[in-house]
Structure formats: structure tokens, C-alpha cells
Amino acid sequence: VNRKSAFGKELGNALSATVDRRALLRKGAAVGAAAAGAGVLAAPHRAMAQDEPINLVFWHHTYPPADEFIQQKIDEYTAENPNLSIELVTYPHGDYETKLLAAISAGDAPDIINLLDYLYPRYIARELLAPVDPAAFGGETMNDVRALYVERALEGLSADGTVYGVPEEFNTLCLFLNAEHFNDIGLDASDPENWPETWEDLFAVAKELEQKDGDTLTRIGFNWVWNLDPYWYAQQYWPILRQYGANVLDEEGKAVIDSPEAVAMFTEVWQRLITDGMGGPAVATVNPVNALQDFSDGRQSMMIAGIWAPPAFRDNPAVYDNYVVAPLPQKDPANPHTLLNSYSLTVSAASEHPSEAWGFINYLTSDSGGYIEAAGYVTGRKGWAETPEAQETRGVEIFAEGQQHGSFVWRSETWTEEGTAIKQAIENFSQGGASVEDALKQAAEQINQIRGTA
Amino acid sequence: VAKVGASERRRPPVASKSWPGEAIDIPGRTTVVSPRPWFTLRRRETTWGLLFAAPTVVFLAVFSLAPMAYALAISFTRFDLTSPPEFIGLGNYRSLLTDSLFHNSLWVTAVYVLGTVVPVWGISLGLAMLLVRARVFSSVWRTLLFLPSVLPLVSVALVWKLFFHLQGPMNDLLGIVNVGPIQWLTSTRFAPLALIVMSWWHAASYYMVIFLAGLLAIPRTLYEAAEVDGATGWDRFRDITVPLLRTTFFLVIVISIINGLRTFVFQQVLTTGGPGTSTQVITLLIYQTAFSFTQMGRASAMSIVLFVLVLCFSIVQYRLFRERE
């Protein structure tokens with residue numbers, strides 16, 4: 001039923017709408033994808049795939065451990081499918097979105113796209129993504145694809161009952177501790193009793209962990225990730241906002257980022273680090289390729305990160321051998337709230353070979369064990385936590401538990417603009433002397449202006 | 001039929017009106033002006049001139065005029081790069097009137113231009129005057145001082161980013177006089193200043209060369225005569241250097257203000273417009289609006305406003321200088 005309605009909708013759109021040539025081609029590709037999914041064109045398409053050389057372009061954000069693993073899987077897959085070649089292109093996370101949009105607008109969209117979940121509303125609304133092809137996942141309906149994944153893993157990648165992408169990473173963020181640093185202050189980091197349960201606990205232990213040479217911080221107890229893109233900020237503040245019962249938008253879509261709860265959260269948690277002189281952007285190393293540089297180098301004792309983080313500091317045994325994963329601190333530990341996010345894989349609506357693209361995505365993401373071992377990525381497939389590789393990963397049960405209490409960041413077609421307004425507000429109060437209340441009020445006004453809800 | 005010689009051709013014809021090749025009646029003689037070749041020297045020179053200019057004209061048309069015309073056209077539309085533009089008239093321009101980010105970027109740009117160009121005029125003129133007087137290794141000094149202008153902007157910005165680090169050389173220098181450490185790039189108060197200081201270093205060398213050319217064009221005899229008349233150094237500077245450098249001043253002022261308004265790389269590399277929006281100059285906002293927010297129509301409207309600003313500046317300055325001349 002899903003396939004037929006998707007096919008009918010696309011066909012209707014393609015026939016009735018007055019569109020330009022590129023839009024028509026896109027729709028044609030989507031119609032083709034739906035028809036192929038329905039089995040109408042499946043047989044001839046597969047025959048063509050076997051005979052004619054097919055080249056797929058795969059864009060991924062730069063993350064060396066993952067990029068190496070993907071290249072290895074590409075080599076395996078193309079060896080099995082000699083008519084297929086896949087070109088992996090990587091760009092740093094910070095530039096990735098801009099370059100992707102530029103490529104799409106120039107009619108040069110890659111076939112396989114690595115896309116963060118918050119961008120789905122914008123991309124889906126502009127018909128830039130092809131729906132998941134269930135046949136490529138060995139199923140017949142979207143529900144067959146959903147059945148492959150843990151609960152809520154596809155939630156951030158769907159719209160109106162259609163799934164447009166699958167996770168390469170289905171993440172939650174936890175707290176990483178440097179056990180050696182904890183030892184320095186007489187605490188055993190492997191003992192859950194010593195894990196900071198609340199934000200108050202976190203700042204108290206962070207103060208103990210820091211080291212100074214005169215006035216200069218030589219070891220930071222805890223710090224946020226600063227000066228990167230708006231989504232990096234959102235990953236950190238979103239779960240804490242939810243812990244405080246705050247939100248970015250209300251049910252009518254109006255900005256409520258200046259609510260008393262949000263002001264309290266940013267004052268008591270985010271700004272606390274600055275007012276207590278424990279961290280801040282001035283002492284943070286900003287590295288777009290490794291946002292966790294200070295923890296990786298052993299200059300920071302605690303950080304908030306995902307299960308993907310350890311491969312980034314595998315080359316530093318002093319840190320890699322001594323890290324411990326603890327749950328994300330909470331305002332109220334009895335009612336935990338965490339983040340869910342997904343750096344996903346999807347197929348461009350303009351791809352001429354969507355079935356082949358989805359086929360490779362299925363092949364790639366079905367190796368949950370390989371992914372977690374090589375890159376620390378949780379594919380979100382059922383059974384990921386039970387793979388031998390996951391079992392050998394420190395803190396896997398903490399991450400699996402964290403996934404149970406998380407939510408994706410707010411959905412909006414203008415997310416980037418809204419996220420930027422909040423990032424600027426954070427910088428205005430933490431780096432510019434503005435009051436938290438005024439900065440958030442300004443952000444709310446900007447968001448309402450962006451959304452037309454002023 | 002006698003041919004009219006060159007000297008005769010130069011004589012004014014008797015007929016009140018004549019055209020090349022037309023018969024002219026001269027009393028007592030039947031004369032016909034020989035058909036004048038179409039491809040005259042003047043036409044030949046014009047044709048060659050056009051041919052020589054054609055590559056540049058085509059280049060400017062394709063890479064400057066056409067994009068400008070396209071930007072003007074899409075400034076009247078809502079266009080997100082991924083769907084066809086939708087005509088909205090002056091909607092983008094109207095929205096700029098109430099856009100606090102746009103107003104902020106105009107203010108940040110104005111502060112940057114003012115903070116950068118005014119000191120740079122003095123610094124670059126001072127350096128040029130020192131170079132004119134340099135007797136030893138003058139070529140070496142000139143090369144060294146011009147070096148910042150030819151270095152790639154991104155590399156320069158990255159070096160200065162390290163320089164401005166909390167534990168970087170700038171704070172080490174200030175530490176000697178018990179100042180700081182200053183959060184150069186991570187505070188809204190100091191980040192604009194850091195960019196201005198860096199721009200002095202980079203821009204001064206470029207304008208120094210222009211001033212140097214102007215100074216070298218002033219005849220030495222004027223200074224010598226003034227010296228004989230007992231003029232002091234300041235007198236010579238005020239009464240000879242400044243008046244004769246007026247054209248150079250005009251050039252430097254116009255170019256430096258235009259370059260200041262167009263600044264982008266330093267802000268993008270060092271601060272990406274932050275912290276907050278403290279260094280978000282208008283070009284950076286245009287870039288962000290176009291490529292991060294994919295609002296090409298709105299970004300184009302901002303570009304047109306910037307273009308008009310630059311044009312107005314240039315016209316006003318040109319008129320002011322022309323009146324003084």
C-alpha cells in the first residue's frame with residue numbers, strides 16, 4: 001500500500017505540476033525509484049546494472065576512521081559487483097552542508113549523501129531525497145525497513161510515513177572521563193559512585209580536576225565544544241534544555257528559547273563554566289576535524305561525546321587506555337533526558353541509480369560490528385549492541401541505555417538559521433558580556449522573524 | 001578629369017554640403033572627389049582597438065556584468081538554490097529595513113573600515129617616506145615591506161590566528177608591559193580590534209607602494225629649492241608633498257575604502273563572524289545568507305545594497321577631489 005501510494009503521489013506530482021526541466025528530471029528519478037521499488041522495473045534495472053558500468057558518487061563528512069572503513073567496504077562491494085564503481089568524496093563537517101547545497105543546485109548532486117538528521121525537513125520539503133528502496137534492504141515495504149532498526153532510529157529521517165534515510169550513526173551523547181586524571185584527585189573513575197550524576201556534581205569535580213600554572217589553566221576539568229557549527233552547540237544544549245523542561249519552539253512554532261526555563265538552564269549550566277572560570281572558548285582548542293582535541297590530547301578531564309569519539313584518540317594511549325564512559329549528567333536523575341542524533345545515509349532524488357545506491361547503503365550499514373570497531377559508529381540496526389565488537393567497546397551499555405531517553409533536536413525547515421541565532425546568543429552572553437536573558441530574547445526575536453511568527 | 005591632390009582636398013569645398021565621393025562643382029573646373037576608402041586610418045585604429053579590448057570586455061561581461069545583472073534579477077525573487085526563483089518584487093529589500101542582523105553587519109563593516117583605513121593611510125605614507133630616504137639596502141626594505149601584500153590571505157590569517165591565541169606571541173608581548181592576557185579572538189570586545197590590527201599590517205604594505213610611486217614622481221628640485229629658501233621639513237611636507245600627492249591620496253582613499261567594504265577572508269578564517277555577530281561584516285552575512293541559509297534572493301539584495309554603497313562612496317569622493325582640484 002505504501003509503495004503504491006508513494007508511486008501515485010510522485011506520478012501525480014510529476015504530471016500535474018508546472019516544473020522546470022531539472023525538477024521534472026528529479027521527479028522522473030523519484031518515479032523511477034518508486035516504480036523500481038514496486039517491482040515494476042526491477043528486473044530490467046537489475047539486468048542493466050549487470051551489463052552497464054555504473055558509477056556512484058558518495059559524499060561523506062571527513063572523519064578518518066570512518067572514511068577508511070567505508071573505502072574498505074567500497075573495495076569489497078565493487079569487487080563483488082565489477083560493473084559498479086563508487087567514488088568516495090570527503091569534506092570537513094563545517095563546510096559539508098554548503099558544498100552539498102552548491103553541488104545540488106549546480107545539478108551535480110552526489111548519489112549517496114551523508115546527511116545530518118536536522119536537515120531532513122529542508123531536504124524533504126524540496127524533494128531532494130529519494131525514499132528508501134525497501135527492495136534494496138531485502139524487503140517489500142517501508143515497515144520491512146523499519147523492522148531492521150531499533151526503536152526510533154528512523155524517526156528523525158522520516159516524513160509523512162516515508163523513510164528517506166537510514167542511520168550511519170544513531171547516537172546519543174554521554175560523559176567521557178579520563179581515569180588517570182580522576183586518580184590524581186583520589187577518585188576511581190570506574191566506580192559509578194564517582195560519576196557526576198547532576199550538573200552540580202560535574203562542576204564540583206571539574207573544579208577539582210583542573211590544574212593551573214599561575215593563572216594559566218594547564219588542565220581543564222570540563223569544557224563545552226566551542227566555535228564550531230550551530231549543530232555542535234545544539235547537540236550539547238538540547239538535552240539539557242529538555243531536562244529543564246524548556247524547548248526552542250512551542251507547539252504553534254513560535255520561539256520559546258527565551259522562556260524562564262531556558263534562561264535558567266543557560267545560566268545554571270552553560271554560563272556556569274565561564275562565571276566560575278573553569279573553561280570557555282579562550283582555553284579550548286578549536287579543530288573542525290576533531291572537535292574533541294583537548295580531551296584527545298589529555299588536556300581536558302571530562303567531555304561530552306558520542307560512542308564515535310574513541311577512534312579519534314586511539315593514537316594517544318595515555319587517553320585511549322584510560323577513558324571511562326558515564327551517563328550524561330541530569331538536572332533530575334530520576335527523569336533522564338538525552339540527545340538522539342543521526343548522521344545518516346540517503347540517496348539524492350537526482351541519482352540515476354537509486355536502487356544501486358540503496359543496495360550499497362544496505363551492504364555498508366549491515367556491518368554493525370565492523371562500523372563500531374572501525375569508527376565507533378552505531379548503525380542503529382537491531383542487535384548492534386550484541387555484536388562481539390560492540391561488546392568489546394567500553395560503555396556500550398551506557399550508550400544503549402542513553403538511546404532510551406533521548407529526543408532529536410527540534411524539526412524545522414529553517415533549522416540552520418534558527419540554530420545560528422541560538423549559537424550567536426550563546427556567544428553573546430558567554431563571550432560578550434550580554435545577559436543570558438537579553439541574548440536569548442534577541443535569539444527568540446530572530447527565530448520568530450525567520451519563521452514569520454513574529 | 002583631374003584628380004584632386006591632397007593639398008586641394010584640404011581646402012574647403014565650394015559646395016555648402018558634400019560627402020566623401022560626391023562631385024563638387026568648382027567654377028571653371030569639372031572635379032570629382034575620388035571615392036574615399038571606407039577602411040580609413042581612423043576606422044582601422046578603432047577596429048584594432050576594439051579587437052585588442054575585446055578579450056577584456058568579454059571577460060568583464062561574462063564574469064562581472066552578467067553575474068551582477070543576474071544578482072540584480074534574483075534580488076527580486078525568493079530563491080533557495082534548489083527550486084525555481086519566485087518573483088516577490090521588493091520584498092527582500094523591504095525585509096532588510098527591519099533585519100537586525102543586516103543592520104549589525106553594516107555597523108560592524110563601518111567600524112572595520114574606519115578602524116582600518118584611516119590609520120593605514122598614515123602608516124603606509126610614513127613607510128613610503130622612510131623608504132624614499134633609505135640609502136642602504138633600499139630594494140631589500142621595499143621587498144620586505146611589500147611582502148605582506150603578496151602572501152596568500154588565508155595563510156596570513158592562519159598565522160595571525162596563532163599570533164592572537166590566548167597563549168600566543170601577542171599576549172607574550174603585552175605581558176612584558178604587564179597587560180593582558182587578552183582574549184583577542186574569543187571576546188566580542190576584542191575580536192573586532194584584532195581584525196583591525198591584522199589588517200593594518202596587511203594593507204599598509206600595499207598602499208605604501210602606491211604612495212612610494214607618488215613620492216618618487218615629485219621632482220626633487222622642488223624640495224631642493226624649498227630647502228634653499230629655508231623651508232623646514234614640515235613646511236616641505238605640507239606645501240610640496242601633500243599637494244602633489246593629492247591624486248595619489250584620492251586613489252588610496254578610494255581603493256582602501258572599497259577594499260575595506262569588501263573584506264571577507266580575514267573574518268571568515270579568524271572568527272567566522274563571531275563571537276556572536278561582533279565581526280560579522282556585510283560580505284560574511286551575504287555569504288552566510290546565500291550558502292548556509294540558501295536565501296539567494298535576500299543575499300543578492302544585500303549585495304546590491306553593498307554595491308550601491310560602494311558606488312556612492314566613490315562618486316562622492318571623486319566629486320570632492322575634483323572640486324578641490
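The values are calculated or read from the model by the stated rules, or taken from the named source; none is laboratory data. Just so we're clear, the structure is a prediction, and the values are computed from it rather than from any experiment. Here Cβ is always computed from backbone atoms with ideal geometry, including for glycine, and neighbour counts include all displayed protein chains.
Listed conditions (1) within 14 Å of another protein chain (Cβ to nearest Cβ); (2) surrounded by fewer than 22 Cβ atoms within 10 Å (Cβ to Cβ); (3) outside any helix (DSSP H, G or I) are all met by residue A:279, apart from (2).
Within the stretch A:360-385, the only residue that satisfies the criterion of being within 19 Å of residue A:155 (Cα to Cα), charged (D, E, K, R) and part of a loop (DSSP other than H, G, I, E, B) is A:382. Restricting the search to helices (runs of 4 or more DSSP H) fully inside the stretch A:386-447 and requiring at least 1 residues that are in contact (Cβ under 8 Å) with a residue 40 or more places away in the chain and within 14 Å of chain B (Cβ to nearest Cβ) gives A:415-431. I'd like the residue in the stretch B:61-90 that is in contact with a strand residue (DSSP E or B) (Cβ under 8 Å, 6 or more places away or on another chain) and touching a residue at least 24 places away in the same chain (Cβ under 8 Å) and, out of all such residues, is nearest to residue B:291 (Cα to Cα). Among residues in the stretch B:61-90 that are in contact with a strand residue (DSSP E or B) (Cβ under 8 Å, 6 or more places away or on another chain) and touching a residue at least 24 places away in the same chain (Cβ under 8 Å), the one nearest to residue B:291 (Cα to Cα) is B:79. Taking the conditions (1) at pLDDT below 95; (2) of a type outside the set (A, V, I, L, M); (3) crowded, with 24+ Cβ neighbours inside 10 Å in turn, residue A:329 satisfies each one other than (1).
When residues of the stretch A:103-118 are filtered for being at the interface with chain B (Cβ under 10 Å from one of its Cβ atoms) and touching a helix residue (DSSP H, G or I) at 6+ places or on another chain (Cβ under 7 Å), how many remain? Within the stretch A:103-118, residues that are at the interface with chain B (Cβ under 10 Å from one of its Cβ atoms) and touching a helix residue (DSSP H, G or I) at 6+ places or on another chain (Cβ under 7 Å) number 1. Being buried (at least 21 other Cβ atoms within 10 Å of the Cβ), touching a Leu at 6+ places or on another chain (Cβ under 6 Å) and assigned to a loop (DSSP other than H, G, I, E, B): is that true of residue B:180 here? When the stated conditions are applied, residue B:180 does not pass them. Restricting attention to the stretch B:249-271 and to residues that are within 14 Å of another protein chain (Cβ to nearest Cβ) and surrounded by 17 or more Cβ atoms within 10 Å (Cβ to Cβ), the residue that is farthest from residue B:203 (Cα to Cα) turns out to be B:271.
Residues of the stretch B:158-177 that are within 10 Å of chain A (Cβ to nearest Cβ) and surrounded by fewer than 16 Cβ atoms within 10 Å (Cβ to Cβ): B:167 alone.
The listed residues are A:430, A:435, A:407, and the only one of them that is polar (S, T, N, Q), farther than 14 Å from residue A:230 by Cα and surrounded by 24 or more Cβ atoms within 10 Å (Cβ to Cβ) turns out to be A:430. Residue check: residue A:251 meets all listed conditions (1) assigned to a helix (DSSP H, G or I); (2) without any contact (Cβ under 8 Å) to a residue 24 or more places away in the chain but one, namely (1). Of all residue pairs spaced 6 or more apart or on separate chains, none has beta-carbon atoms under 9 Å together with a first member in the stretch B:224-235 that is among the basic types (Lys, Arg) and a second member that is assigned to a helix (DSSP H, G or I).
Checked against the criterion of being assigned to a loop (DSSP other than H, G, I, E, B) and within 14 Å of another protein chain (Cβ to nearest Cβ), the candidates A:151, A:140, A:127 yield just one match: A:127. Every condition in (1) within 19 Å of the chain's Cα centre (by Cα); (2) in a helix (DSSP H, G or I) is met by residue A:181 except one, and the failing one is (1). The residue that is surrounded by the fewest Cβ atoms within 10 Å (Cβ to Cβ), among those in the stretch A:332-350 that are farther than 13 Å from residue A:405 by Cβ and over 19 Å from the mean Cα position of the chain (by Cα), is A:350.
If we scan the stretch B:190-205, do we find a residue that is crowded, with 19+ Cβ neighbours inside 10 Å, over 19 Å from residue B:109 (Cα atoms) and either at pLDDT 90 or above or away from chain A (no Cβ under 14 Å) (or both)? Scanning the stretch B:190-205 turns up at least one residue that is crowded, with 19+ Cβ neighbours inside 10 Å, over 19 Å from residue B:109 (Cα atoms) and either at pLDDT 90 or above or away from chain A (no Cβ under 14 Å) (or both). Pairing residues of the stretch A:215-229 that are away from chain B (no Cβ under 14 Å) with residues that are aliphatic (A, V, I, L, M), at Cβ distances under 6 Å and at least 6 apart in sequence or on separate chains, gives A:221/A:206; A:221/A:209; A:221/A:278; A:222/A:206; A:222/A:302. Just wondering, is there one or more residues in the stretch B:98-115 that are at positive phi, out of contact with any Cys (no Cβ under 8 Å at 6 or more places or on another chain) and either more than 14 Å from every other protein chain (Cβ to nearest Cβ) or buried (at least 16 other Cβ atoms within 10 Å of the Cβ) (or both)? Within the stretch B:98-115, not a single residue is at positive phi, out of contact with any Cys (no Cβ under 8 Å at 6 or more places or on another chain) and either more than 14 Å from every other protein chain (Cβ to nearest Cβ) or buried (at least 16 other Cβ atoms within 10 Å of the Cβ) (or both). Quick check: is even one residue across the stretch B:158-169 in contact (Cβ under 8 Å) with a residue 12 or more places away in the chain and among the β-branched types (Val, Ile, Thr)? No - not one qualifying residue is present in the stretch B:158-169. Scanning the stretch B:126-144 for residues that are aliphatic (A, V, I, L, M) and closer than 13 Å to residue B:200 by Cβ yields a single hit, B:127.
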